[in-house]
Every structure is written in C-alpha cells, then in structure tokens.
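What follows is a short report on a single structure.
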Amino acid sequence: MTQLTEILTINIMDTTTLEGLISVQAALKGRSRPIHKIYVEYNRRDYDIGKLEKLARTHNVPLMRIREYELERMTDGNTHGGVVAVVGDRIYTPLAQLCAEPNSFVVMLEGVEDPFNFGQAVRALYACGAAGLVVRPRNWMSAATTVARASAGASELIPTAIADDALSAAEALGQLGLKLAVMAEEDNAIDLPKADLRGPLFVVVGGEKRGVAKKLVERANVLLQIPYARQFRHSLGTTSAAAVLGYEVMRQRMTQ
C-alpha cells in the first residue's frame, strides 16, 4: 500500500481532520478525541515539529512524513502549514464534571451561526479562564478544522459537555450550585461591571440574530448587558461580547 493510498483509506474510514500545528498539539494535550495518525510535510524539520514528534510519541500516536501534494489531497486549502491529523469524534465531558472546580465559570453560546465566530468566542472564553463549555447535540464541533483553527486550539482544550438546550443545562447546573446569568437586552439587565460574577456561574450568550429564548430569560438568576458610551444599534457581535464577558469575569475573580 502506498502512502497516499493509506491516507485516502483512513479518510474514508473517518473523514474528520485537524489542520495546523497548534490545532493538532491542542488535541494531543487535551485528549479531546482519538487521533489515528499525524502527517507532517516531508521537508519541515524545525523545533516546533520536533516538539510535536515528541508529544505524539508520548501519546502513542503514529506520525508519518509525506509530500506536500499528499497533504493537499487531504485538505481543502493550503492553510495546514505542513501538519494534518486524521481524528475521530470529539470526546464530551459529563455535565457535572464541568463543576469540578470551586466557583466554576461555564458558558453556552446559543445561536452562533458561523463556525469561525464560534471558535473565536471559545478562544477568548478559554483564555479568560472558563472551566467548561456546553453545546447542543448538533453543534459547530462538527466543523472541527475551522473551529480548532479559529480558537487557536482552545476548542480542543476546554472541557465540553452536551445538553439538549440551554434551559435543560441551566436546570442541571443549577442543581449543582451554579447561578444562571443570561446576556440579554432587557430593561432589568445589569451592567457587567456592576454584577457579582465571582461565584459558581453558568452564562448563556445568545447569537446576534435569535438571541436567547424567553423561558431562559425568565429562569435566569441575573440578566447581564454590556454598557456602552453611546447609543449604537450595531453594537458588539457575539464574538466580541463573549470576549468582554470573559474578561470581566476574569477581572473580578483576580481582584477577589
């Protein structure tokens, strides 16, 4: 069997790939999914690739050197940077395990319709200390390549659980002691800096078009909004709002 035939055979068995050094390293470190094999461009032999080879050996993942045209056959473009991994489905965490840390900060992004925006939001939330992410059964994790690259690998590192919807997640996490906060444009919403975000917290951030369900707003312990210096109907999108939220939670907890 030639190298290229082997690659194509694996892709038929499992069509999910991760592209780029950062995404593949994150999947290895996060143990977020089974990794069948890593492919590296034949002539790439720099320090970072050496670290990747060592990490792959540590996790008993086979790594193969192949030609650039073979990598291009496996991918949709040329953004792989000489590293591609053939992987299995995302491994999800039980919802209760997201609350393992004291004062866990857990987030659900509802109605985000673009995998790049989803990944960018996860990137900011993970950097700001979010302990876990909740997603629906049908979610952007199926667009693994785009989400992993947009999140700089954060989507493969952050513990992620599945819930049928935000309301059922809120009820389950509420029983575990997490307060439900919802980002919503409501008259009784509190400006982020004025809200107490230091305790166990589950925050739902709605998409720009659909927002969040009315039942979730009614169930919330606190409604949050981002204050602005002027009236502007095209205010922050979901990705930027998630970053502002994550930073404010981090700021309050660092100064506690």
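Can you give me the number of residues within the stretch 203-243 that are in contact with a Phe, Trp or Tyr (Cβ under 9 Å, 6 or more places away or on another chain) and not in a loop (DSSP other than H, G, I, E, B)?
Going through the stretch 203-243 one residue at a time, the tally reaches 3.
Looking at THR9, THR16, which one is at pLDDT below 60 and either in the same structural domain as GLU53 (by TED's automatic domain parsing) or of a type in the set (D, E, K, R) (or both)?
THR9
Please determine, by comparing only the residues of the stretch 116-149 that are within 9 Å of the chain's Cα centre (by Cα) and among the aliphatic types (A, V, I, L, M), which one is farthest from VAL222 (Cα to Cα).
ALA148
What do you reckon, is GLY111 modelled with pLDDT under 95 and at positive phi? It would help to see each step written out before you state the result.
Details: modelled with pLDDT under 95: yes; at positive phi: yes.
Yes: the conditions hold for GLY111.
From the set of residues in the stretch 31-66 that are surrounded by fewer than 18 Cβ atoms within 10 Å (Cβ to Cβ) and touching a residue at least 60 places away in the same chain (Cβ under 8 Å), which is farthest from the chain's Cα centre (by Cα)?
The residue in question is MET64.
For the stretch 114-132: of the residues being in contact with a Ser or Thr (Cβ under 7 Å, 6 or more places away or on another chain) and among the hydrophobic types (A, V, I, L, M, F, W, C), which is surrounded by the most Cβ atoms within 10 Å (Cβ to Cβ)?
VAL122
Please verify whether ALA26 is under 30 Å from MET254 (Cα atoms), modelled with pLDDT of 90 or more and loosely packed, with under 15 Cβ neighbours inside 10 Å, treating the condition exactly as stated.
Here the answer is no, as ALA26 does not meet what is asked.
Counting residues that are surrounded by fewer than 14 Cβ atoms within 10 Å (Cβ to Cβ), which helices (runs of 4 or more DSSP H) fully inside the stretch 133-201 reach at least 1? Explain how you work it out, then say what you get.
Numbers: elements: 144-150, 154-157, 166-175.
Ranges flagged: 166-175.
Sort out for me the strands (runs of 3 or more DSSP E) sitting completely within the stretch 36-110 that have 1 or more residues that are under 25 Å from THR160 (Cβ atoms).
On the way: elements: 63-66, 83-87, 105-110.
In the stretch 36-110, 83-87, 105-110 are the strands (runs of 3 or more DSSP E) which contain 1 or more residues that are under 25 Å from THR160 (Cβ atoms).
Restricting the search to the stretch 244-256, which residues are out of contact with any Asp or Glu (no Cβ under 8 Å at 6 or more places or on another chain) and part of a helix (DSSP H, G or I)?
We begin by selecting, within the stretch 244-256, every residue out of contact with any Asp or Glu (no Cβ under 8 Å at 6 or more places or on another chain); these are 244-251, 253-256.
If the condition is that a residue be out of contact with any Asp or Glu (no Cβ under 8 Å at 6 or more places or on another chain) and part of a helix (DSSP H, G or I), then VAL244, LEU245, GLY246, TYR247, GLU248, VAL249, MET250, ARG251, ARG253, MET254 are the ones that fit.
In the set SER168, SER151, which member is without any contact (Cβ under 8 Å) to a residue 24 or more places away in the chain and among the hydroxyl-bearing types (Ser, Thr, Tyr)? Outline the logic, then answer.
Working: SER151 fails: without any contact (Cβ under 8 Å) to a residue 24 or more places away in the chain.
The unique qualifying residue is SER168.
Filter the stretch 74-115 for residues that are under 15 Å from the mean Cα position of the chain (by Cα) and farther than 21 Å from GLY132 by Cβ and give the result. So that I can check it myself, show each step before the final result.
Residues of the stretch 74-115 under 15 Å from the mean Cα position of the chain (by Cα): 89-93, 98, 105-115.
Correct list: GLU113, ASP114.
The values are calculated or read from the model by the stated rules, or taken from the named source; none is laboratory data. If you're wondering where the values come from, they're calculated on a predicted model, not measured in any experiment. A quick note on method: Cβ atoms are made from the backbone with ideal geometry, for glycine too, and the neighbour counts reach across all protein chains shown.
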